[in-house]
Amino acid sequence: MMFSKKIRECVEGANNNASIRLHANENPLGSPDIIQTGQYDLSLLSLYPDPTYNALRAAIGERWNINPEQIITGNGSDELIDITLRSLLKPGARLTAPRHSFMMYKKRTDILGALYSEIPVKSGRILPEDLKEAVSHKPDILVLVNPSNPLGHYIAPSEMISLVETIPPETTIIIDEAYAEFTPDIENTAGIQIVHKRVNSICLRTFSKAYGLAGLRLGWAYVSTDLYPQLEARRAPYNVSALSALAGEHALQDREHLFKTTEYCLSWGRKLVDLFEDYGVKASAQYVNFVFVEFDSEERSREIQNSLNSEGFLIARLTDYSLDHCLRISFGPREQMEKLLFVLEKELKA
């Protein structure tokens, strides 16, 4: 279809010289079959969506066994981060997050004139004493991204809940679970449990990663009842398109695609971690759709990136995270991954 061709041109943009997209943490298997083969009523394109998104919120509530009246829909979880921080973070207030957390939090904090501080992360863990030190500065918001992007580490619900129990209730807790569906605790994540029990807490989720709907921009927040009115008031009435909302409802039904995606990513994560470690390079890929790679030097990181770029691969060098010696490589379709393994092994031997 000409329409499909134009969409691809918009997506690829100026990256035609390196067109194998392993830089954006997209779903390697694409969107669910139910979306790709579905017959959508295109008359929706001329109509405004239901501003309450009741059908989508009901579908999310049923799937994850949560109250739809505590769900806020968003144009991707990025918009929900923006809504949350604009609602709760005033100039001079403080947001604290683990070191090298998803960059959107620092960017929005800086724009809002607030203070951003970091908690040390050691071997993928937040030590209780470091958290205690961070809390002593009385942050207004504490963000915990789990599994973490870009570090690729995961904290089990029991440990995460124990950490959160040490945080005073006046501090807002944001649990960012963009990769929750990749974890073994998918049916009872830490974020959901925390919002169930704690005031002043928010769990963020997305359809972009495991569900393969990144191009439709769809996310949701599960919000404690005390915060819900304030955040919902910030949401624009038509912030999610009618087609995106409908696709979200359908995607939740396709558990087979979700299972295939998570198993595929787990398998490729192990293969790539093993490959890098065979050559003495640190790597991690714990319940995410990418591998985080830590080289000994910025120069070596740049060499590998340039070699992969020359073979057509787009990958992420993590300079924005002050990790100049590190790369993040997303997982793609099998043919791309087989080529990646071949190219990487050749370069790592050099």
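See the values below:
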| item | result |
| --- | --- |
| Most fluctuating residue given options 96, 166, 84, as computed from a GNM of the chain linking Cα atoms under 10 Å | 166 |
| Sites matching chymotrypsin sites (Phe, Trp or Tyr not before Pro) across region 261-310 that sit in DSSP coil, with at most 12 neighbouring C-beta atoms within 10 Å | 279 |
| Where only alpha carbons of region 202-350 are counted, the Rg and the Dmax (Å) | 18.9, 58 |
| Antiparallel content of DSSP bridges confined to region 142-284, in %, to 5 | 40 |
| Solvent accessible area, Å² - residue 300, 1.4 Å probe, full protein context | 60 |
| Whole-angstrom Cα spans of region 14-131 along principal axes, big to small | 53, 44, 30 |
| C-alpha center-to-center spacing [region 296-350, region 28-43] in angstrom | 31 |
| Measure of compaction for region 129-206 (Cα Rg per 2.2 N^0.38 Å) | 1.04 |
| Alpha carbon Rg of the chain, scaled by the compact-globule rule 2.2 N^0.38 Å | 0.99 |
| Among 43, 201, 123: highest mean-square fluctuation, GNM of the chain, C-alpha pairs under 10 Å | 43 |
| Among beta bridges that DSSP assigns inside region 17-155, antiparallel share in %, nearest 5 | 10 |
| Using a Förster distance of 22 Å, the FRET efficiency for residue 111-residue 324 (Cβ separation, nearest 0.05) | 0.40 |
| Share antiparallel - DSSP beta bridges, the chain, percent rounded to 5 | 55 |
| Cα centroid separation, region 189-210 to region 47-109 (Å) | 10 |
| In sequence order, calculated HN-Hα J values of region 327-343 (Karplus, 6.51, -1.76, 1.60; Hz; x Gly/Pro) | 10, 10, 10, 6, 8, x, x, 4, 4, 5, 5, 5, 5, 4, 4, 4, 5 |
| Fraction of accessible area attributable to carbon and sulfur, the chain (%, probe 1.4 Å) | 51 |
| Per residue solvent-accessible surface (Å²) - the chain, probe of 1.4 Å | 46 |
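The values are calculated or read from the model by the stated rules, or taken from the named source; none is laboratory data. The structure displayed is predicted, hence computed values, not measured ones. Neighbour counts run over all protein chains shown; Cβ positions are idealised from the backbone, glycine included. Surface accessibility is based on the protein's heavy atoms, side chains included, excluding ligands, DNA and RNA. Shrake-Rupley method; radii C 1.70, N 1.55, O 1.52, S 1.80 Å.
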